[in-house]
Amino acid sequence: MTEANSSRPNWAVIVPSCDAYKDTWPLFFHFLFKYWPDVNVPVYIFTNHYTYLDERVINIPVGRDEQWSSNLHKALPHVKEEFVFVLLDDFLLSAPVDPQLVEETFHHFQTLNADYLAVDKFTKSGKKVENSLWNQVTKDNLVVGLNVALWRKSHLAKIAVPGLNIWKAENVAKQLAKENPETNYYFGPDSKPLITYQESIKGYFWKPSGLEFLKLHGLEADLKWRPCPPQGRDFFSKLIRSFYKYRMKRRQKIDEKNAGLNGGKTVSPLRRIEREP
């Protein structure tokens, strides 16, 4: 496990991933550092046995892949910072990040003694926070999810209940917000979004829009590892997706077993030169 510097900021970026999504890592970090080049806090990735070979990224391997929240439960104690900005590995940044807005957001988060802040741009109006473009979550307006958000680490740990997949973990986050909405916030419709991204994967598979985004930048996905089958809801489309999903999971289990037995493997950063769109 790579250690961060001793002089730590009070927050960090974390990418709660797993080896089954290792094909996304070079693309994800390519766009992260392209559009957020001056990120000056530790950047962690949670893995199983693989290591992502980038000196800007701190690997936290947790061993055998379990459910999403189980991996999170094992990895979080190794993150020393009090606050964490969570990004999912299939969300490819698509526009520059404003460092001043990041700093203002973090300091405002501390001032409000917040537990959670959703930083997508939401169209839902709600209870405005005084002297802010933020809205407060309410029991009737649960704008809470696991897309891109700033968390108090101790609060995120509450959803890291071993055995939950990511959707069930999100339900726990919503329930916590419902019980104590006063510490949960989201960017209101008048706010500038902190992070703009292309959601590239759905239901294990590449989305056509994700592949188009990559093509626009002159990049390609590994379709042998993760295909883009028909998206329709008809019987044959569903049958094809079921076949691919079975084959993917089988391949991932074999790969995980081999990686574990061989003491881990590595993934290198993207080396192909991107074409500007």
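Among the listed pairs Lys153/Lys265; Lys34/Lys80; Lys74/Lys139; Lys224/Lys265; Lys178/Lys202, give every one whose C-alpha distance is greater than 22 Å.
On the way: Lys153/Lys265 29 Å; Lys34/Lys80 26 Å; Lys74/Lys139 30 Å; Lys224/Lys265 19 Å; Lys178/Lys202 27 Å.
Flagged as over cut-off: Lys153/Lys265; Lys34/Lys80; Lys74/Lys139; Lys178/Lys202.
Select from the stretch 147-231 those trypsin sites (Lys or Arg not before Pro) which occupy a DSSP coil region and have at most 11 other Cβ atoms within 10 Å, ordered by residue number. Can you show the working numbers first?
Values: sites: Arg152, Lys153, Lys158, Lys168, Lys174, Lys178, Lys202, Lys215, Lys224; in loops: Lys224.
Within the stretch 147-231, the qualifying trypsin sites (Lys or Arg not before Pro) (loop, at most 11 other Cβ atoms within 10 Å) are Lys224.
Taking the Cα centre of the stretch 197-277 as origin, work out the dipole magnitude from +1 charges on Lys and Arg Cβ and -1 charges on Asp and Glu Cβ, in debye rounded to 20. Numbers along the way, then the final one.
Working: 19 positive and 9 negative charges, 99 e Å.
Result for the stretch 197-277 is approximately 480 debye, rounded to the nearest 20.
Summing -39500 (n - 2.57) over the DSSP H runs of n ≥ 4 in the chain and dividing by its residue number, what mean residue ellipticity at 222 nm do you reach, to the nearest 500 deg cm²/dmol? Write down the numbers at each step before the final one.
On the way: 7 runs with 86 residues, N = 277.
Calculated at 222 nm, the ellipticity per residue is -9500 deg cm²/dmol.
Obtain the nm distance between the two label points defined at Leu239 and Glu130 by a simple spin-label model: each point lies 7 Å from its Cα along the Cα-to-C-beta direction.
Result for the modelled spin labels: 6.4 nm.
List the relative contact order of the stretch 1-147 as a percent without decimals, with contacts defined as Cα pairs under 8 Å and 6+ residues apart.
Numbers: 183 pairs, mean separation 38.3, N = 147.
Value for the stretch 1-147: 26 percent.
At 1.4 Å probe radius, can you tell me the per residue accessible area of the chain in Å²? Mind showing how you got there, number by number?
Working: 14030 Å² over 277 residues.
Ligands and nucleic acids excluded, the result is 51 Å² per residue.
For the stretch 167-277, what does the equivalent ellipsoid look like in terms of its semi-axes, each the square root of 5 times an eigenvalue of the Cα gyration tensor, given largest first in whole Å? Let's see the in-between values first.
Details: eigenvalues 184, 103, 80 Å².
For the stretch 167-277, the ellipsoid semi-axes come out as 30, 23, 20 Å.
How large a share of the accessible area of the stretch 1-146, in percent, is made up of carbon and sulfur atoms when the probe is 1.4 Å and the other protein chains stay in place? List each step's numbers first, then the result.
Values: 2970 of 6180 Å².
Roughly 48 percent of what the probe reaches on the stretch 1-146 is carbon or sulfur.
How much length, in nm to one decimal, is gained on full extension between Asp38 and Lys215, taken as 0.36 nm per residue of separation minus their Cα-Cα distance?
Full extension of this stretch gives 61.2 nm more.
Excluding Arg56 itself, what net charge comes from residues whose Cβ is under 13 Å from its Cβ, given Lys and Arg +1 and Asp and Glu -1?
That sum, taken over residues with Cβ under 13 Å, equals -2.
What relative contact order, as a whole-number percentage, does the chain give when Cα pairs under 8 Å and 6 or more residues apart are counted?
24
Mind jotting down the distance between the C-alpha centroids of the stretch 103-164 and the stretch 177-230, whole Å?
Value for the Cα centre distance between the two parts: 18 Å.
Among Gln67, Gln175, Gln231, whose mean-square fluctuation peaks in a Gaussian network model of the chain (Cα, cutoff 10 Å)?
Taking springs between Cα atoms under 10 Å, the residue moving most is Gln231.
Which residues' amide hydrogens lie under 5 Å from the amide hydrogen of Tyr185, considering only partners 5 or more residues apart or on another chain, with H built in the peptide plane?
For Tyr185, the qualifying residues are Tyr116, Leu117, Ala118, Val137.
The values are calculated or read from the model by the stated rules, or taken from the named source; none is laboratory data. Computed from a prediction, not measured in an experiment: that's the story for all the values here. So basically every Cβ, Gly included, is an ideal-geometry build from the backbone, and we count neighbours across all protein chains shown. For accessibility, only protein heavy atoms count, side chains too; no ligands or nucleic acids. Shrake-Rupley method; radii C 1.70, N 1.55, O 1.52, S 1.80 Å.
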